[in-house]
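Okay, structure first, notes after.
Read the figures in this text as sums done on the coordinates, not as results from a lab. Everything quoted here is computed from the prediction, not taken from an experiment. Please note: Cβ atoms are built from the backbone with ideal geometry, for glycine as well, and neighbour counts cover all protein chains shown.
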Amino acid sequence: MNNVPIDKIRNFAIAGHAGAGKTSLSDLILFKSGKVSRLGKVQEKNSVSDYHPDEHERQNSIYATPLNCQWNDHTFFFIDTPGYADFFGDTKAALSIVDSTLVVINGVEGIEIGTSRAWKTSREKNQPRMIFINALDKEYADFEKILESIQKNYGKTVCIPFTLPVGRESNFKDVVHVLRSDNIPDELRESVEKYKSSLMDTAAESDEELMMRYLDGEELSEEEISHGLRDAIFNGSLVPVFSGSVEKDIGIKELMNGIVNLLCNPFTAQSIPMDEGEMELKESGAGKAFVFKTVADPFIGQLSFFRVYSGILNADSDVYNVTKSSKERLGHFHLLNGKEQTTIKNAYPGYIIAVAKLKHTKVNDTISTTSGGPQFLPIKFPKPNMSYACYPTKRGDEDKIISGLNRLADEDPTVKVERHPETREFLISGIGDQHLKIIINRLKSDFKTDIDLRTPKVPYRETITKTGIGKYRHKKQSGGHGQFGEVWLRVEPLPDEYFEFASEVVGGNIPKNYIPSVEKGIKEAMKKGDLSNSRIINVKVIVYDGKYHAVDSSDIAFQIAGRGAFRDAIKQANPKILEPYMHLKILIPDQYMGDITGDLNQRRGRIQGMNIEEGMQLVEAEVPMAEVHSYASQLRSITQGKGRFNMAFSHYEQVPENISKQIEKTADKETHDDH
């Protein structure tokens, strides 16, 4: 591919809910442009975009796939993105680096969770957006109903049709362009005039001079109208709505022409925000690129995906990783269409390329042909919602497993791998169970190792509910100097703080230099309570008396005495187990509200509030951590994959008595097993 004029480049993502037809549309765009000679199909497992074996098995997109083609002397760099919530990390990365977003909506189902999530992400980036209502040939497809829902949720004066369907369902045979059609069916004439008037008003409003001429009754040229519409789309006051059917190839040519005529080029924005100020976008000067994705390719090693923003990058040259403050050697540049690769020598603004075998470069890194300077703002990936404890199925495989999972986590920032500091379990966390299933499958196939997944242990806490008094004498004689220390202390509930220590010792019964040793012993004892082997919190400890020996007392003796006195006092203070509560934000279609609230009640959850967000119901709730491990799969089952959630730690609360007894029984068994 030769150097393409910047104003001829269109850089966009195709996003929306799973099943809306994003991948089929991507394949059809490649076919109609002549980029591929055969139309790929997901069902036949020969899609250009969905080429990974996991995608063949699932029959839907798991990974964001960069694609490219030419259309009407323009070049498209576009990314087909996953629609399921479990794989939104890849979608978020793609939406973060493109210039525009094409949101695909199913003409039967309408706005779904993947629709609202893509829309919200694109809107937060202030990206120009375009909507394509697909599958209007299907039974129960209803363009007017879907359009009404879109306008209700995203703006009636903002979302305006550019094409209208001719016929319904099985009789759907064509589309008419609101601005350019001559042979308009009688039943659509009124709608065409209405939307054409709206578009003319919008075009004029985007430019004050055009507005004055328009109000004066002067006829605007097609070029002036297009310019005004592009400005309106760029500033977010207009979202073009196109209609059609990918399966029947209806309305796709009009959509592709709309991408050319209406969406912006890579320099329309003129500048973009950086971590320090803004960077001017230009073709000359330093080459600047951003790494938004990495993939472990089985044939050529790690591939790093770049979006070039400014200047020119040259293959087989030295560049700087500004984020890591290190040099990198670029090898060949690859333009990708699925697994097909085309090698190029130079990459210009708007290009999406892949580079193999970089040593230091990872996701969110800034690459430049000059050292130093500002960095691109990092992608804020969704946080994991689900965790499993990992245990090796074969003795001695733990290091191999950890190494493999860490490499997969480098590739996918929505995967988190860690050893829990309290339970000591090795945890893998992801967005949902389907996401983690893919990661585990890759661990088996790429690293030839297997793991046993278990429900993670809950990091409970223990606390006290009343004042308790304890004392302990540590005395040991074993020839020579012995050990002696005696501590009397009081414990009190401390609801709003983790720990407080005070001394009321008078008369030197415990010398001042031993008081810190007492505190150290207490802190050691707080690491493990008697009820659940969990950390003790929300306790104030007051040392008020004790004894020492001028010869036999020592730091270690008072540590042991402090630890023993604390344990004695805790037993008198009515200890209780606390469990962590998570704050959940659940986004669902309205029809599932009853099932969701019922399920939350069964999980001992409390609903904190309900609201409307991007056309969906937003439920906020607090649920015990012990009850949310399987929530991702349960939510998918209840909503048929149309719901999503995220969660974060909220607070600790006392465990109900019946559950507390079960926890104590389990902890007691683990203690005996350890011995």
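Observations on the structure shown:
- Take the Cα of LYS547, step 7 Å toward its Cβ, do the same at ILE402, and the gap between the two points is 4.8 nm.
- Euclidean distance between Cα centres, the range 78-128 to the range 6-21, Å: 9 Å
- Summary of packing: across the peptides 4-12, 149-157, the per-residue average of other C-beta atoms within 10 Å ranks them, highest first, as 4-12, 149-157.
- The range 175-325, Rg to Rh (Cα coordinates; Rh as Kirkwood inverse mean 1/r): 1.11
- Across LYS45/LYS92; LYS125/LYS448; LYS196/LYS248; LYS32/LYS327; LYS282/LYS416, pairs whose alpha-carbon gap is larger than 32 Å: LYS125/LYS448; LYS32/LYS327; LYS282/LYS416
- Pairs of lysines in the range 561-675 (C-alpha under 15 Å apart; 8 or more residues apart or interchain): 4
- Taking every alpha-carbon pair under 8 Å whose residues sit at least 6 apart, the chain reaches a relative contact order of 10 percent.
- If you take all other residues with their beta carbon under 15 Å from the beta carbon of ALA269, and give Lys and Arg +1 and Asp and Glu -1, the sum is +1.
- Bridge orientation summary for the chain: considering DSSP beta bridges with both residues in this region, about 80 percent are antiparallel.
- By the Stokes-Einstein formula, at 1.306 mPa s and 10 °C, the range 275-421 with its Kirkwood radius over alpha-carbon pairs has D equal to 94 µm²/s.
- Each label point was placed 7 Å from the Cα along the Cα-to-Cβ direction; for ASP249 and ASN235 their separation is 4.0 nm.
- Averaging 1/r over each pair of different alpha-carbon atoms in the range 219-283 and inverting the result gives 14.1 Å, the Kirkwood hydrodynamic radius.
- Calculated mean residue ellipticity at 222 nm for the chain: -9000 deg cm²/dmol, from DSSP H runs with n ≥ 4 weighted as -39500 (n - 2.57), summed, divided by the residue count and rounded to 500.
- Debye-formula intensities of the range 578-658, expressed as log10 I(q)/I(0) at q = 0.13, 0.19, 0.25 Å⁻¹, are -0.37, -0.77, -1.26 (one equal scatterer per alpha-carbon, no solvent).
- The chain - Debye-derived log10 I(q)/I(0), Cα point model, q = 0.06, 0.09, 0.10 Å⁻¹: -0.46, -0.87, -1.00
- A protection proxy built from the mean count of other Cβ atoms within 10 Å ranks the segments 542-548, 115-121, 624-630, most packed first, as 115-121, 542-548, 624-630.
- The largest-to-smallest principal axis extents of the Cα set in the range 1-92 are 38, 29, 20 Å.
- Positive minus negative residues near ILE607 (Lys, Arg vs Asp, Glu; Cβ under 10 Å): -1
- A straight Cα-to-Cα reach below 17 Å connects LYS540 with the aspartates and glutamates GLU462, GLU492, ASP496, GLU497, GLU500, GLU504, GLU519, GLU524, ASP568, residues fewer than 8 places away in its own chain not being considered.
- P(r) weight above 15 Å for the range 386-454, C-alpha pairs, percent: 47 percent
- Across the range 143-276, Cα pairs under 8 Å and at least six residues apart give a relative contact order of 26 percent.
- Fully extending the segment from LYS661 to GLN591 would add 21.4 nm, taking 0.36 nm per residue of separation and subtracting the current Cα-Cα distance.
- Restricted to Cα atoms, the range 535-602 shows a radius of gyration and a Dmax of 24.0, 77 angstrom.
- Computed from point charges on the beta carbon alone (+1 for Lys and Arg, -1 for Asp and Glu), the dipole magnitude for the range 139-254 about its Cα centre is near 480 Debye.
- Cβ-based net charge around LYS41, under 11 Å, with every Lys or Arg adding one and every Asp or Glu removing one: -2
- Per-residue packing, averaged as other Cβ atoms within 10 Å, sorts the ranges 164-175, 393-404, 562-573 into the order 562-573, 164-175, 393-404, beginning with the highest.
- Along its three principal directions, the equivalent ellipsoid of the range 466-573 from the Cα gyration tensor extends over semi-axes of 24, 15, 11 Å, largest first.
- The smallest convex shape that holds all Cα atoms of the range 96-193, its convex hull, gives 109 Å³ per residue.
- Segment LYS345-GLU218, length gained on full extension (0.36 nm per residue, minus Cα span): 40.8 nm
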